[in-house]
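Below is one structure; the comments refer to it alone.
The values are calculated or read from the model by the stated rules, or taken from the named source; none is laboratory data. Model, not experiment: these values are computed from the prediction. Every residue, glycine among them, receives a Cβ derived from its backbone with ideal geometry; neighbour counts consider all protein chains shown.
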Amino acid sequence: MPQIIDISKFQKANELNIPLSVVNLVANPTIETPNSNEALTNLCIKVEKSILLNALGLTTYNTLQLALADINNPLYASYKKLVEGDEYDGKIWEGLDSDYSLIAYKIYEVFITQTNEHLTGIGNTQGKPEKSTLVTPAYKIANANQNFAEKYQGGYLEFPNVYFDGLFIDWFGCNSGVEVSLYQYMTDKATDFPDLVMTNFKTYDTQNSFGI
């Protein structure tokens, strides 16, 4: 299956960097340190598919998969812009494959959350390294979660916008800045994706550094 985000996105010198994503080979395999290359690769596949299905629905998702295999085909021009970015009507859509992609932020959030806990015979525990201070990754997790939510759905509204005498209720709101969320982009470009049903666009809960 074609992938938009792979492990290479987490090997760059930015806030999404995951050091253990790189395989470090040593002469003696018995002293090789664990790495998360395979686990992160599998997580990229799982999380990306889940996000795209929630946002696009099955039909549009399947068309996107075909487009990814032949992205320069004029038949898939709208999907190319969805993946690589677009500028229109004074707005900017950064694209799904940018270095700071919404998909990458969600993968980072899930990965850091999972690796912060170790599954043992008596339940989940958090390890404490000897002669060092254990620093909670809560702020990194919350930051990734907030960035994902902003890029994916633009954030929740306390009270929805109601249009057309109550026929349309918008809980997401429009992006106030130049850069738009996936929700806003798909709403603006709905005619380019005829099988897309925006009322089926699934949202995600947000969380702060306290995990709530």
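Can you tell me which residues in segment 63-79 are in a helix (DSSP H, G or I) and either surrounded by fewer than 19 Cβ atoms within 10 Å (Cβ to Cβ) or more than 18 Å from the chain's Cα centre (by Cα) (or both)?
Step one: list which residues in segment 63-79 are in a helix (DSSP H, G or I), which gives 63-68, 74-79.
Listed by number, the residues that qualify are THR63, GLN65, LEU66, ALA67, LEU68, PRO74, LEU75, TYR76, ALA77, SER78.
Results for (1) over 18 Å from GLU179 (Cβ atoms); (2) modelled with pLDDT under 55, shown as yes or no for each residue.
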{"residue": "LYS91", "(1), (2)": "no, no"}
{"residue": "SER98", "(1), (2)": "no, no"}
{"residue": "LEU102", "(1), (2)": "no, no"}
{"residue": "GLN126", "(1), (2)": "yes, yes"}
{"residue": "PRO129", "(1), (2)": "yes, yes"}
{"residue": "THR136", "(1), (2)": "yes, no"}
{"residue": "GLU150", "(1), (2)": "no, no"}
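Identify the residue in segment 185-208 that is part of a helix (DSSP H, G or I) and free of Cβ contacts under 8 Å to residues at least 40 places away in the same chain and, among all such residues, is farthest from LEU102 (Cα to Cα).
Just the residues of segment 185-208 that are part of a helix (DSSP H, G or I), to begin with: 185-188, 190-192, 198-200.
Of the ones still in play, those that are also free of Cβ contacts under 8 Å to residues at least 40 places away in the same chain are 187, 190-191, 198-199.
On the way: THR187: 17, ALA190: 20, THR191: 23, MET198: 18, THR199: 20 Å.
So, considering only residues that are part of a helix (DSSP H, G or I) and free of Cβ contacts under 8 Å to residues at least 40 places away in the same chain, the one farthest from LEU102 (Cα to Cα) is THR191.
Yes or no: segment 30-51 includes at least one residue that is at pLDDT 95 or above and of a type in the set (Gly, Ala, Ser).
Yes - at least one qualifying residue is present in segment 30-51.
Name the single residue, out of those in segment 159-199 being at pLDDT 55 or above and polar (S, T, N, Q), that is nearest to the chain's Cα centre (by Cα).
My answer is SER181.
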